[in-house]
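Everything on this sheet refers to the single structure shown next.
Since every read-out is calculated from the coordinates, none of them should be taken as a lab result. Source: prediction; values computed, not measured. Here the Cβ positions follow ideal geometry from the backbone for every residue, glycine too, while neighbour counts run over all protein chains shown.
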Amino acid sequence: MRHLPIFLELSGRAAVVVGGGVVAARRAEVLIKAGASVTTFATALSEDFRELLEAPSFRHEARDPEPKDFEGAALCFVATEDLRLAADARAAAKSAGALVNVADRPRLCDFIMPSIVDRSPLVIAISTGGASPILGRMLKARLETLIPAAYGRLARLTGGFRLAVAKAIPSPIVRRRFWEAVLEGPIGERALSGDDRAADAELARAIERAAAERAEAPRGEVYLVGAGPGDPDLLTFRALRLMQKADVVLYDRLTDEGVMNLVRREAERIYVGKQPDDHELPQGEISALLVKLARQGKRVLRLKGGDPFMFGRGGEEIEALAADGIAFQVCPGVTAATGAAAYAGIPLTHRDHAQSCVFVTGHGKDGKIALDWGALLQPRQTVAIYMGLRNLEALTREFIAHGADADLPAAVVDNATRATQRVVVGALGTVAAKVRAAELSGPAIIIIGTVVTLRDKLDWRLQAELRSPAEGDLSPAASEKDRER
Ligand code: SAH
């Protein structure tokens, strides 16, 4: 280890920055964040200082520093291209007893600046000892994506209760278990989801209980998580985190295998799957199962295709939980229509085509399609139909019967966002026959509206394929479309 990593208490202490460019600005910025009073010496300040000028602990002197300017300074950053000025400032700062950092001159530094991942109060500092700042920045970028922005909330939560917990639970081992349970359990999740007040209140209660009875049976919880339309890359960080914590997962036919692979390996898997005809496990039974498992103290993951509140009956499933007082949380997902739109190059709204988009279900009750045709047949509107593949023939017929133009463009995106995605493009009058010929398997989204014509320009998967035909047939839709031409 070439340097000693430490975190310096700077609140209220003086620090000096010499230089007026972007590096100097960044240094002044972190110093202010850390609570220091910063004086910057520079004959001119770059634009990068603009926001700092407002900070009460920032002062600008439009001149070179003099030796007495460094008196009382804890730290000094020198970031100027004027070598003479840099050498003078460094010498003066050192003789005033400050620790000095000269930008890009590691040999002249008392300390080096790490790359910082800031989840205050959680802070990660990365150093390569000056050997490879670029590697440090790359690692920083990876950590930034790995560590949810909300992790700082966990640190804040813990910090606020450390003394209380130490008092309530004297045994270090029991205390550690307690903290693990807090951070990995419902209270930590509560904090991560942004509900600081509830997290504080629950933690205070947990501490009281722990003090009274020492040991605490775990409490179960249900995570209702949107798994997106298929491509695992479309999961949210939060979904992934909850998937990694689950003791048991309830999934169905729409849950992609690639997504299931990301669920914690040890988690028990329960299929509550449905096929359109032989019906799913009745909603009531799924809800009862969720309640039962949570009561056993388990972390229950209910994975739903797309977004749980979009034709997902997620609302119904959690009603039962709420009624039984089971803790639960809902994590949104990319819904099939937006996934399909992006992966098929069909924007759902567009200035020249559609100012609104409606999402409807084409699943008819008892074979009848009950849709509000007046609302659907608005001009300059896109209609996205879920669960409509089986009824496509009847749906398109009804559209036309209610006054829609048979030439109105329509597309069906089958297995959207998956490697097996297929897109059939046509018009209201033709698309059903084309889909039948293509023998689409579903699940599929139907998109109706002139935005469909933008696909030629905007399907990036198709474009990529045209550029590099050797990469394999990513989008069978390409051949589909070629046939149409
Ligand atoms: N909650 C889900 C929708 C559930 S309803 C969501 O937000 O996406 C089931 C319907 O969603 C299917 O009939 C189909 O219309 C659509 N769907 C789900 N996954 C899909 C996919 N990968 N491609 C196309 N449509 C999909």
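Annotations for the structure displayed:
- Pairs over the 27 Å Cα-Cα cut-off, from the set 167/245; 245/292; 33/94; 140/304; 368/434; 140/457: 167/245; 140/304; 140/457.
- Packing here is the average count of other Cβ atoms within 10 Å per residue, and on that basis the peptides 154-163, 404-413, 257-266, 178-187, highest first, run 404-413, 178-187, 154-163, 257-266.
- Beta bridges per DSSP with both ends in the chain, % antiparallel, nearest 5: 35 percent
- Cα shape, the stretch 1-113, gyration tensor, a/c 1.5 rule: rounded
- In the stretch 6-72, taking the dipole from charged Cβ atoms about the Cα centre, the farthest positive-side position among 60, 24, 42 is held by 24.
- The stretch 354-402-the stretch 230-266 distance, computed between alpha-carbon centres (Å): 31 Å
- The chain: angle of helix 151-168 to the longest principal axis, Cα-based, in degrees nearest 10: 70 degrees
- Local electrostatic count, residue 189, Cβ distance below 11 Å [Lys/Arg +1, Asp/Glu -1]: +2
- Farthest towards the positive end of the charge dipole of the chain, among the residues 161, 150, 97, is the Cα of 97, using unit charges on the Cβ of Lys, Arg, Asp and Glu.
- Here the stretch 121-263 was treated as a single set of alpha-carbon atoms; its pair distances binned every 5 Å from 0 give 2, 8, 16, 16, 15, 14, 12, 10, 6, 2, 0 percent.
- Among residues other than residue 114 with Cβ under 12 Å from its Cβ, the summed charge is +1 (Lys and Arg +1, Asp and Glu -1).
- Cβ-based net charge around residue 153, under 9 Å, with every Lys or Arg adding one and every Asp or Glu removing one: +1
- Helix 83-95 and the longest principal axis of the Cα set of the chain meet at an angle near 70°.
- Gyration tensor verdict on the stretch 221-334 (Cα atoms; rounded if a/c is under 1.5, prolate if a/b is larger than b/c, oblate otherwise): rounded
- Most positive-pole-ward Cα, 392, 115, 234, against dipole of the chain from beta carbon charges: 115
- Folded to 0 to 90 degrees: helix 133-146 orientation relative to the chain principal axis, Cα: 50 degrees
- Global geometry of the stretch 150-213, whether rounded, prolate or oblate, following the gyration tensor of its Cα atoms and the 1.5 cut on a/c: prolate
- Dipole in debye (nearest 20) - the chain, about Cα centre, beta carbon charges: Lys, Arg +1; Asp, Glu -1: 1300 debye
- Span from the the stretch 88-134 Cα centroid across to the the stretch 158-174 one, whole angstrom: 35 Å
- For the chain, alpha-carbon Rg and Dmax in angstrom: 29.8, 89
- Per residue of the chain, the DSSP helices (runs of n ≥ 4 H) give a summed -39500 (n - 2.57) that works out to -11000 deg cm²/dmol at 222 nm.
- Compactness index (Cα Rg / 2.2 N^0.38 Å), the stretch 24-72: 1.09
- Average Cα contact separation per residue, the chain, under 8 Å, 6 or more apart, as relative contact order %: 9 percent
- When peptides 137-144, 189-196 are ranked by their average number of other Cβ atoms within 10 Å per residue, the highest-first order is 189-196, 137-144.
- Peptide ranges 284-294, 117-127 listed from the most packed, as the mean C-beta count within 10 angstrom indicates: 284-294, 117-127
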